[in-house]
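Written below as structure tokens is the structure these notes are about.
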Amino acid sequence: MPEQPKHLRSDYKHFQPITTRWHDNDIYGHVNNVAYYGFFDTAVNHYLIHQGGLNIHGGEVVGFVVSSSCDYFASIAFPDAIEVGLRVARLGSSSVQYELAIFRDGEREACAAGRFVHVFVERANNRPTAIPPRLRAALEALT
């Protein structure tokens, strides 16, 4: 099996600090793999709300995750302080592919790296729609 490429802090444009929680740990004493997807979702949506102006409660446009994956390199566990690195790999007219990585606070190499794709849709009919200008500008800043 070929060696995984290194995912370095310097490869990412934006960082979202996250505190692991007691219930993130599983019976093996480390953060369960499903929690990483929650960290990714939190980092992306925090960015979209605060930088892109996405109104998750009443806006006309919402983002649906249509694809996701994660590779794991090193364990994290409560009470680790982590940061999620975020960048945009591809920006289409109605979709975006994010690349994300989990870093222990201050560490250079990622503990995990993943990606997911959002398709932006009209809330009223769940049909794909163009990414609104303010949101697009925020996403372009991550390319």
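The values are calculated or read from the model by the stated rules, or taken from the named source; none is laboratory data. Computed from a predicted model, the values in this text were never measured in an experiment. Note: ideal-geometry Cβ built from the backbone for every residue, glycine included; neighbour counts use all protein chains shown. Surface accessibility is based on the protein's heavy atoms, side chains included, excluding ligands, DNA and RNA. Shrake-Rupley method; radii C 1.70, N 1.55, O 1.52, S 1.80 Å.
The 3J(HN,Hα) values that the Karplus relation (6.51, -1.76, 1.60; θ = phi - 60°) gives for segment 87-101 are, in residue order, 8, 10, 8, 8, 10, x, 6, 10, 9, 9, 10, 9, 10, 9, 8 Hz. Gly and Pro appear as x.
For the chain, count all C-alpha to C-alpha pairs, find those more than 22 Å apart, and express that count as a whole percent of the total.
Values: 4014 of 10153 pairs.
Cα-Cα pairs of the chain separated by over 22 Å account for 40 percent.
Size check on segment 73-143: the Cα extents along the three principal axes, sorted descending, read 41, 23, 18 Å.
In Å², and per residue, what accessible area does the chain have when probed at 1.4 Å with the other protein chains present?
Working: 7900 Å² over 143 residues.
Heavy-atom SASA per residue in the chain reads 55 Å².
Within the shell of other residues whose beta carbon sits under 13 angstrom from the beta carbon of SER68, the net charge comes to -2, with Lys and Arg scored +1 and Asp and Glu -1.
In segment 62-143, what chymotrypsin sites (Phe, Trp or Tyr not before Pro) fall in a loop by DSSP, with at most 14 other Cβ atoms inside 10 Å? Write down the numbers at each step before the final one.
Details: sites: PHE64, TYR72, PHE73, TYR98, PHE103, PHE116, PHE120; in loops: PHE73.
Answer by residue number: PHE73.
Per-atom-type breakdown for segment 73-143 gives carbon and sulfur 47% of the accessible area (1.4 Å probe, protein chains only). For the residues VAL66, VAL84, VAL121, a GNM of the chain with alpha-carbon springs under 10 Å puts the largest fluctuation on VAL66. Amide H contacts under 5 Å for PHE78: ASN25, VAL31, restricted to partners 5 or more places along the chain or on a different chain, H placed in the peptide plane at 1.01 Å from N.
Counting only protein heavy atoms and using a 1.4 Å probe, what share of the accessible area of segment 10-67 belongs to carbon plus sulfur, as a whole percent? Mind showing how you got there, number by number?
Numbers: 1890 of 3490 Å².
Carbon with sulfur: 54 percent of the solvent-accessible area.
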